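Asker: Have a look at the structure that comes next, please.
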Amino acid sequence: MKIVFITGLSFFMSIYSWFIPGLPLAKQEAATIPVCHTSGNDMSAMAADPAFQRLHEAPLPFTYTGAGEMVKFSTPDGQSANGFLLKSKKPSNKWLLVYQEWWGLNDNIKQQSETFYNDLKDVNVLAVDMYDGKVATEPAEAGKLMQAASKDRLSSIMKGAIAYAGPKAEFASVGWCFGGMLSLQSAMLEGNRAKGCVMYYGRPEQDVDKLKTLDTDVLGIFGSQDKGISPESVKEFEKNMEKAGEKVTVKMYDAGHGFANPSNPVYNKEAAADAYKLALGYLKNKLKA
């Protein structure tokens, strides 16, 4: 078990290194977060590691049959990207950006997006497809998708999703695992239009200077049994947010990684329900929805 812990943590550190801001960003300007590797292709190596893959059990079969539609939007790299959109019934500049787990934009993420959509008022919900249509159903397959994911492409997709919402959009974001990390990075990209950020057991930013660029507080939801994102790293995140003059609220559950995903074999129904209630209340307050 000790080896698995170290491997999983190392992987998340590698993923985190993709999204490293350059110079500090002005609070009143839209942020850009260039991405880069720090040491070769560590991300690919860790994604292919069976020990890390075992931290993520294959999701149970699930088919989404609800509302919503797939949409395309332009990205700064001259390409297009995809998203699953649940459009507000009334015209609205309020947007919730939803970020996937490492499996991709699967039916579980669509279901969770609809749940938020139904419980929020007059909010557009966009689940961003970070894998350009590819979805994994097994850990080894997810590892391959992660290996193939271009760091520049991921950054471009996030920027494209923000631009798709329009210049008057106000944002909150939410994500799980890989998406939890992306939710925090998305808040940085949104600049002063960021109103809220929820990250479920994602790798937290630890650089104080980068955290200072946030224009919103953060709600962090974690598991004390998580072998990838340790309680110690969460405590460090809290300290660094305080040093940055930023606010973070952390809720730690007696649960493992992926506990909020109903298609995950380690799903913790009680913890997931409480976490959702907490996240929903936070988002309603931040988006005035």
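The values are calculated or read from the model by the stated rules, or taken from the named source; none is laboratory data. Keep in mind that this is a model prediction, so the values were computed, not measured. When we count neighbours, we look across all protein chains shown, and the Cβ atoms used for this are built from the backbone with ideal geometry, even at glycine. Ligands, DNA and RNA are stripped out before the accessible areas are found, and what is left, the full protein with its side chains, is counted by its heavy atoms. Shrake-Rupley method; radii C 1.70, N 1.55, O 1.52, S 1.80 Å.
Asker: Inside region 158-176, can you point out the residues that are outside any strand (DSSP E or B) and either open to solvent by 10 Å² or more (accessible area, probe 1.4 Å) or more than 25 Å from residue 289 (Cβ to Cβ) (or both)? Talk me through it step by step, then tell me what you get.
Answerer: From region 158-176, those outside any strand (DSSP E or B) are 158-169; that's our starting set.
Within region 158-176, 159, 162, 163, 164, 165, 166, 167, 168 meet the criteria.
Asker: Also, I was wondering about something else. Condition first: buried (at least 17 other Cβ atoms within 10 Å of the Cβ) and touching a residue at least 24 places away in the same chain (Cβ under 8 Å). Now tell me which residues in region 253-267 satisfy that. Reasoning before the result, please.
Answerer: Quick first cut of region 253-267, residues buried (at least 17 other Cβ atoms within 10 Å of the Cβ) only: 253, 255-261, 263-264, 267.
Matches in region 253-267: 253, 255, 256, 257, 258, 259, 260, 261, 263, 264.
Asker: If we scan region 46-53, do we find a residue that is loosely packed, with under 13 Cβ neighbours inside 10 Å and modelled with pLDDT of 95 or more?
Answerer: Checking region 46-53: not a single residue is loosely packed, with under 13 Cβ neighbours inside 10 Å and modelled with pLDDT of 95 or more.
Asker: Would you point out the residue of region 61-70, among those that are within 25 Å of residue 144 (Cα to Cα) and surrounded by 13 or more Cβ atoms within 10 Å (Cβ to Cβ), that is modelled with the highest pLDDT?
Answerer: Applying the first criterion (within 25 Å of residue 144 (Cα to Cα)) to region 61-70 yields 61-64, 70.
So of that shortlist, the ones also surrounded by 13 or more Cβ atoms within 10 Å (Cβ to Cβ) come out as 62, 64, 70.
Details: 62: 87, 64: 92, 70: 98.
Within region 61-70, the match that is modelled with the highest pLDDT is 70.
Asker: Going through region 206-252 one residue at a time, which ones are under 18 Å from the mean Cα position of the chain (by Cα), in a helix (DSSP H, G or I), within 22 Å of residue 194 (Cα to Cα) and touching a residue at least 40 places away in the same chain (Cβ under 8 Å)?
Answerer: 210
Asker: I would also like to ask the following. With more than 14 Å from the chain's Cα centre (by Cα) and either surrounded by 20 or more Cβ atoms within 10 Å (Cβ to Cβ) or assigned to a helix (DSSP H, G or I) (or both) as the only criterion, which of 84, 73 stands out?
Answerer: Criteria check complete, one pass: 84.
Asker: Quick one: which residue in 159, 94, 151, 168 is closer than 22 Å to residue 214 by Cα and touching a His at 6+ places or on another chain (Cβ under 7 Å)? Spell out the reasoning first.
Answerer: Details: 159 fails: touching a His at 6+ places or on another chain (Cβ under 7 Å); 94 fails: touching a His at 6+ places or on another chain (Cβ under 7 Å); 168 fails: touching a His at 6+ places or on another chain (Cβ under 7 Å).
Exactly one residue qualifies, and that residue is 151.
Asker: Determine if region 185-199 includes at least one residue that is more than 11 Å from the chain's Cα centre (by Cα), open to solvent by less than 30 Å² (accessible area, probe 1.4 Å), closer than 19 Å to residue 280 by Cβ and touching a residue at least 40 places away in the same chain (Cβ under 8 Å). Don't jump to the end; show me each part of the working.
Answerer: So in region 185-199, the residues more than 11 Å from the chain's Cα centre (by Cα) come out as 188-196.
Applying the additional criterion that residues be open to solvent by less than 30 Å² (accessible area, probe 1.4 Å) yields 188-191, 194, 196.
If we keep only those that are closer than 19 Å to residue 280 by Cβ as well, we get 194, 196.
Of the ones still in play, those that are also touching a residue at least 40 places away in the same chain (Cβ under 8 Å) are 196.
For region 185-199, residues more than 11 Å from the chain's Cα centre (by Cα), open to solvent by less than 30 Å² (accessible area, probe 1.4 Å), closer than 19 Å to residue 280 by Cβ and touching a residue at least 40 places away in the same chain (Cβ under 8 Å): present.
Asker: Please determine whether any residue of region 270-288 is in a loop (DSSP other than H, G, I, E, B), farther than 21 Å from residue 126 by Cα and of a type in the set (A, V, I, L, M).
Answerer: no
Asker: Hey, another quick one. So, residue 193, is that one basic (Lys, Arg) and under 29 Å from residue 227 (Cα atoms) or not? So that I can check it myself, show each step before the final result.
Answerer: Working: basic (Lys, Arg): yes; under 29 Å from residue 227 (Cα atoms): no.
It is false that residue 193 is basic (Lys, Arg) and under 29 Å from residue 227 (Cα atoms).
Asker: Next question. Listed residues 133, 66; which is at positive phi and out of contact with any Leu (no Cβ under 7 Å at 6 or more places or on another chain)?
Answerer: Going through 133, 66 in turn, the sole match is 133.
Asker: Among the listed residues 95, 102, which satisfies the condition of being assigned to a loop (DSSP other than H, G, I, E, B), touching a residue at least 60 places away in the same chain (Cβ under 8 Å) and either under 16 Å from the mean Cα position of the chain (by Cα) or surrounded by 22 or more Cβ atoms within 10 Å (Cβ to Cβ) (or both)?
Answerer: Values: 95 fails: assigned to a loop (DSSP other than H, G, I, E, B).
Of 95, 102, the one residue that is assigned to a loop (DSSP other than H, G, I, E, B), touching a residue at least 60 places away in the same chain (Cβ under 8 Å) and either under 16 Å from the mean Cα position of the chain (by Cα) or surrounded by 22 or more Cβ atoms within 10 Å (Cβ to Cβ) (or both) is 102.
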